[in-house]
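A.B. asks: Starting off with a structure, shown below.
The values are calculated or read from the model by the stated rules, or taken from the named source; none is laboratory data. Treat the numbers as computed from the prediction; the structure is a model and nothing was measured. Note that each Cβ is placed from the backbone with ideal geometry, even for glycine, and that neighbours are counted across all protein chains shown.
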Amino acid sequence: MFILRLIKSPKYFYSLMAILFIVFINIILFTGRNIYTGEQDKLFASHMHELTTNKKHFEASLDDINLEARRIVNIMKDMNMLNSLDDLEIKSFLSDLLFDHHYLSVIIFNNNASPLLRVNSQTISNDNLPFANTDSNQILSRISEDKKNTHAVHIDKDLNVIYLVKTIPDSFGNSDKRIAFFFAPELLFKHLPKNYGFIHESSKPLWSVDETIFPKKLKYKINTLLGRTRLSDTTSLIYSALSGKNNKYYLSALLDTSELKTSLFYNTIISVAIFSLFFSVILFLIYFRNIQISQLIETQKATVVCLANLAEFKDNETADHLERTRHYGTLLAKKLKSLPEYKHKISKEYLDNIGFASVLHDIGKVGIPDEVLKKPGKLNTVEFEIIKNHTSFAKDILQELVDKHKINDIFFTLSYNIATYHHEKWDGSGYPAGLAGESIPLEARIFALCDVYDALRSERPYKDAFSHEVSMSIINEGKGTHFDPIIIDIFNECADKFKYIHDTYVMFYEQIDYGSFGNNKRELQVVWDYKLSVGIDSIDNQHKILLNKVNFLIKSILEGKGNDSIINILNFLRNYSEEHFLLEEDIMRKQNHPDFEMHTKAHNTFRQSFEKIIANIDQEGIQTDTLEYIETYLIKWLLNHITEMDANLKLDNV
């Protein structure tokens, strides 16, 4: 039910559409983000597999180096080179056997890490100067921390060198000497893709195949479980530890997903744009359809009013009876809704329709003969029985309409119940069905009181109009017999507003010259008429704006829209009318208009009345007499001023 009311209200419907639009856009963005994360994870898994494969190939190369170094040591030992340590003999031997241009140097040292012999290769390039120019003692001291981890390949970033330390046992099997083989980094990098490198567990970046790939100041933290560290939203460092119990080095690669993110970003933006366009088209179609429906509803309302007027014009009642009772019914229904027992019975849709549905309450009178309907005096028993048939006629007319066109609408339900049962009485003595108590539809009980009140207050050919006080007394006498006691109690609480609505229509009909405006009496609405033009565009435009605000003020007062709405309109009128008066006075002053003094005096009178209204509102809030004062000294004055005094400005502009 709540969702249905939400959809039916344009304000809430478009708010809901805006919320749904934001939700769907966020869903698209969230989905795009999830797709990116998923694809990122797939790339990570793929690259980790590649990294594992490359690590196996790389470690196989390291095993080959280790094997070759061990073979060389054995040959040197068999040739007794390690005992004589002849520099030239060893250099000649190594030059023939070691790995071509990758060979840098060999250092033979004792267990105290003291160098016994250093043989340098002739292929040392400028890139290897840190190693070539470093003293053997310093080199051995740098690698002494790894001296226990022999027979494994090590990396030294600062010396730009890779080394392997082999232990040389004596004839008794004791460690006697050690030999360290040093190689250029290219020996390792030739086995790796371009975006690969080495990192240390201490989070220090080491070598990379391409120094531009790995940032020089790379900040990361090793996560041995994941094998991955995010450097940014699009860059991750993936790594895997080299084999070996005491190995502290990781083969690593940079995973860059910026192209993937850019591609998905553009796809997401395109999706958002397409969805927004589609959503806008749907909203436009809904808006266009709503306009058509609104126009259709207005046409239906106009048709309903015409039908209602046919019945009213046949009767002796005045046309504004329909409008007054419409406001009465809405007022009572709103007050009833504040009671717990009616909170759920009276919905917003109910409130929106009960007032307008009531205009068909006497549609059945079209079937009553004119000689009975328009009889100026009191009806006799036979005539009264005839007049009572108008409720049955209304029932038949509306029932046939509903059945024929399969109408299931709250408006027609309310119209049917009001037109058929508004003459039923609480004690069961009414007509046409003799219903009693709550078996009478609520809307019919509400309107029964409204219809009687307006009939009592209105003048008829056979009676004078009763005062508000007398009408109240008569209605209260019918509590529990004619009228629902609860509705009587609610009526007594808002009786002043009943009086105000009735007196407002009387005042506007009798004291304001609608003929000068658009003559739209039924809705108490003043409409700009070209005959009001003074020939000065600025003044004419301001008059149009003032009339629009006056209409808003009248509507807000009659429909009881609340003090805040009325105060806001009053503040606008005060400020705007002051601007308008100053413009008029300036024009008249420049023209030396003969009515300038009188016109200005009239403006000052209005200003004083307005200040009095605002002062009363500040002290007491908006009371019933305040609304009467607004109508008498503000709306009436302003409309008469436009039609009478401002019309004189036209004379000097012809």
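A.B. asks: Among the residues that make up the range 49-65, is at least one of them among the small types (Gly, Ala, Ser), surrounded by 12 or more Cβ atoms within 10 Å (Cβ to Cβ) and touching a Phe, Trp or Tyr at 6+ places or on another chain (Cβ under 8 Å)? Break it down stepwise before answering.
C.D. replies: Initial filter on the range 49-65 (among the small types (Gly, Ala, Ser)): 60-61.
With surrounded by 12 or more Cβ atoms within 10 Å (Cβ to Cβ) added as a condition, the list becomes 61.
Then keep just the ones that are touching a Phe, Trp or Tyr at 6+ places or on another chain (Cβ under 8 Å); that gives none.
Taking every residue of the range 49-65 in turn, none turns out to be among the small types (Gly, Ala, Ser), surrounded by 12 or more Cβ atoms within 10 Å (Cβ to Cβ) and touching a Phe, Trp or Tyr at 6+ places or on another chain (Cβ under 8 Å).
A.B. asks: Then there's this: If you go through the range 66-90 one residue at a time, how many are under 30 Å from Leu251 (Cβ atoms), surrounded by 13 or more Cβ atoms within 10 Å (Cβ to Cβ) and of a type in the set (A, V, I, L, M, F, W, C)?
C.D. replies: Qualifying residue count for the region: 3.
A.B. asks: Here's a follow-up. Quick one: which of Ala444, Ala448, Ala465 is of a type in the set (Gly, Ala, Ser) and farther than 18 Å from His423 by Cβ?
C.D. replies: Ala465
A.B. asks: Go through (1) more than 20 Å from Leu255 (Cα to Cα); (2) modelled with pLDDT under 80; (3) surrounded by 14 or more Cβ atoms within 10 Å (Cβ to Cβ) and name the single condition Ser208 misses.
C.D. replies: Looking at each condition in turn, Ser208 falls short on (1).
A.B. asks: Pull up the range 370-412, narrow it to residues that are part of a loop (DSSP other than H, G, I, E, B) and within 51 Å of the chain's Cα centre (by Cα), then point me to the one that is farthest from Phe447 (Cα to Cα).
C.D. replies: Lys406
A.B. asks: Collect the residues in the range 416-436 that are free of Cβ contacts under 8 Å to residues at least 24 places away in the same chain and farther than 22 Å from Phe384 by Cβ, keeping them in residue-number order.
C.D. replies: Tyr416
A.B. asks: Which residue out of Asn247, Asn267 is at pLDDT 65 or above, part of a loop (DSSP other than H, G, I, E, B), surrounded by 11 or more Cβ atoms within 10 Å (Cβ to Cβ) and not assigned by TED's automatic domain parsing to the domain that holds Asp454?
C.D. replies: Asn247
A.B. asks: Please verify whether Ser358 is at negative phi and surrounded by 17 or more Cβ atoms within 10 Å (Cβ to Cβ), treating the condition exactly as stated.
C.D. replies: Values: at negative phi: yes; surrounded by 17 or more Cβ atoms within 10 Å (Cβ to Cβ): yes.
Yes: the conditions hold for Ser358.
Let's see how each residue does on (1) at pLDDT 85 or above; (2) under 30 Å from Lys11 (Cβ atoms); (3) not aromatic (Phe, Trp, Tyr):
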residue: Ser347; (1), (2), (3): yes, yes, yes
residue: Tyr350; (1), (2), (3): yes, yes, no
residue: Gly377; (1), (2), (3): no, no, yes
residue: Glu385; (1), (2), (3): yes, no, yes
residue: His390; (1), (2), (3): yes, no, yes
residue: Glu400; (1), (2), (3): no, no, yes
residue: Phe412; (1), (2), (3): no, yes, no
residue: His423; (1), (2), (3): yes, no, yes
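A.B. asks: Still on this model: Which is surrounded by fewer than 20 Cβ atoms within 10 Å (Cβ to Cβ), at pLDDT below 65 and either in a helix (DSSP H, G or I) or touching a Ser or Thr at 6+ places or on another chain (Cβ under 7 Å) (or both), of Glu510, Glu523?
C.D. replies: Glu510
A.B. asks: Are any residues in the range 324-345 in contact with a Lys or Arg (Cβ under 7 Å, 6 or more places away or on another chain) and surrounded by 22 or more Cβ atoms within 10 Å (Cβ to Cβ), and if so, which ones? Show your work before the answer.
C.D. replies: Narrowing the range 324-345 to residues in contact with a Lys or Arg (Cβ under 7 Å, 6 or more places away or on another chain): 331, 337, 343.
Scanning the range 324-345 gives a single hit, Leu331.
Conditions tested, residue by residue: (1) in the same structural domain as Ser392 (by TED's automatic domain parsing); (2) assigned to a helix (DSSP H, G or I); (3) over 21 Å from Leu336 (Cα atoms); (4) under 52 Å from the mean Cα position of the chain (by Cα).
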residue: Ala444; (1), (2), (3), (4): yes, yes, no, yes
residue: Val452; (1), (2), (3), (4): yes, yes, no, yes
residue: Leu456; (1), (2), (3), (4): yes, yes, yes, yes
residue: Ala465; (1), (2), (3), (4): yes, no, yes, no
residue: Glu469; (1), (2), (3), (4): yes, yes, yes, yes
residue: Asn476; (1), (2), (3), (4): yes, yes, no, yes
residue: Thr481; (1), (2), (3), (4): yes, no, no, no
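A.B. asks: Let me ask something else. If you check every pair at least six apart or on different chains, which have Cβ atoms under 7 Å apart with a residue in the range 364-386 that is surrounded by fewer than 17 Cβ atoms within 10 Å (Cβ to Cβ) first and a residue that is among the polar types (S, T, N, Q) and at pLDDT below 80 second?
C.D. replies: If the second residue must be among the polar types (S, T, N, Q) and at pLDDT below 80, the pairs left are Lys374/Asn316.
A.B. asks: In the range 343-363, what count of residues is obtained for those that are in a helix (DSSP H, G or I) and in contact (Cβ under 8 Å) with a residue 12 or more places away in the chain?
C.D. replies: 13
A.B. asks: Provide a single number: the residues in the range 621-653 that are of a type in the set (Lys, Arg) and at pLDDT 70 or above.
C.D. replies: 1
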